[in-house]
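K.L.:
Have a look at the structure that comes next, please.
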Amino acid sequence: MKIEDNYRSRNVEDRRGRGGSRGGAMGSGLKVGGGLSLPVIALVLLFTVCGGGDGSDLGSVLNDLDGDTTGGGTGQSLPDTTTTTDNSGGTASDRYAQEFSLVSQVLDENQEMWDEIFTESGLDYPVSDLVVYEGGTSTAGCGYGQAAYGPFYCPADSKTYVDLAFFDQMRTQFGAGGDFAQAYVISHEIGHHVQNALGLSAQVRQAQQADPANANELSVQLELQADCFAGVWAYDADRDGELGLTDADIQEAIAAAEAIGDDALQRQAGQNPNPESFTHGSSEQRVQWFTTGYESGDPNA
């Protein structure tokens with residue numbers, strides 16, 4: 001995967017090295033897209049979601065919702081020996097310079113694709129920002145985000161939050177290394193933003209409140225839709241050719257999807273997999289739906 005050195009997106013805010021004022025708690029569990037709260041299971045790599053997988057096309061989904069656009073293991077902050085100045089005047093670690101360039105470029109590439117898809121459906125795509133932080137940071141509406149939550153999307157401010165040290169843990173603890181595994185994470189989060197922008201998160205929250213017994217199953221469907229959306233971007237990036245993707249890159253994303261299935265995480269935590277407790281989907285499901293998006297290139301898949 002080809003990433004431009006020192007790539008900087010205008011939609012990435014670098015808060016590293018600034019600390020942060022502690023706001024309200026994010027709740028008793030992980031804060032997921034659409035404001036849903038999920039229990040922590042080992043490291044639930046938060047690839048959070050706000051949407052339903054009903055197969056409707058984007059235009060009809062928006063029409064059905066009458067324009068409703070309401071809606072996000074442990075990352076580790078590591079010591080750094082050098083710093084750079086970010087574009088907001090703060091100091092930021094350059095330990096993860098390569099990862100910073102990657103999340104910046106993948107964010108822009110994703111949003112360019114979704115803008116085209118929305119436009120083709122007669123819709124306006126609302127641009128999303130991504131915040132890079134260390135350890136913890138405040139959000140506008142989702143409380144105080146911490147690295148322990150993993151990457152997460154906050155529907156209240158339409159931003160994705162990520163501590164880049166999380167990618168170390170993906171590689172060392174879960175065997176999900178490689179730059180395209182990281183691209184999968186960011187693409188999945190932008191999938192949550194797409195779902196939020198279409199009002200699907202509000203629709204699903206209502207369904208969960210009306211039928212609490214099926215809340216986990218609804219959550220699983222949302223996560224799998226975001227995996228499918230990430231696969232759609234992989235298809236687009238592969239077809240475009242600009243990133244020079246190879247079969248090995250796609251296998252990195254598939255390995256990451258497999259590593260973060262609920263059953264895999266529960267086994268790693270010394271538990272027997274319990275499908276009734278799944279909130280993100282099994283390894284098999286996550287691989288299946290990323291692959292479906294990648295092979296079809298179709299958000300309706």
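K.L.:
Quick one: how many residues across segment 134-157 are open to solvent by 10 Å² or more (accessible area, probe 1.4 Å) and in contact with a helix residue (DSSP H, G or I) (Cβ under 6 Å, 6 or more places away or on another chain)?
P.N.:
Within segment 134-157, residues that are open to solvent by 10 Å² or more (accessible area, probe 1.4 Å) and in contact with a helix residue (DSSP H, G or I) (Cβ under 6 Å, 6 or more places away or on another chain) number 2.
Per-residue answers, yes or no, for (1) touching a His at 6+ places or on another chain (Cβ under 9 Å); (2) not basic (Lys, Arg):
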residue: 142; (1), (2): no, yes
residue: 149; (1), (2): no, yes
residue: 153; (1), (2): yes, yes
residue: 171; (1), (2): no, no
residue: 177; (1), (2): no, yes
residue: 189; (1), (2): no, yes
residue: 200; (1), (2): no, yes
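K.L.:
Looking at the structure I just gave you, is residue 246 open to solvent by 30 Å² or more (accessible area, probe 1.4 Å) and under 27 Å from residue 4 (Cβ atoms)?
P.N.:
The answer is yes for residue 246.
K.L.:
Please go through segment 249-285 and pick out each residue that is assigned to a loop (DSSP other than H, G, I, E, B), open to solvent by 30 Å² or more (accessible area, probe 1.4 Å) and closer than 22 Å to residue 177 by Cβ.
P.N.:
Of everything in segment 249-285, just one residue is assigned to a loop (DSSP other than H, G, I, E, B), open to solvent by 30 Å² or more (accessible area, probe 1.4 Å) and closer than 22 Å to residue 177 by Cβ, namely 269.
The values are calculated or read from the model by the stated rules, or taken from the named source; none is laboratory data. Everything numeric here is computed off the predicted structure, so don't read it as measured data. Quick reminder, even Gly has a Cβ in these numbers, built from the backbone with ideal geometry, and neighbours come from all protein chains shown. Remember, those area values only see protein heavy atoms, side chains included, never the ligands or the DNA or RNA. Shrake-Rupley method; radii C 1.70, N 1.55, O 1.52, S 1.80 Å.
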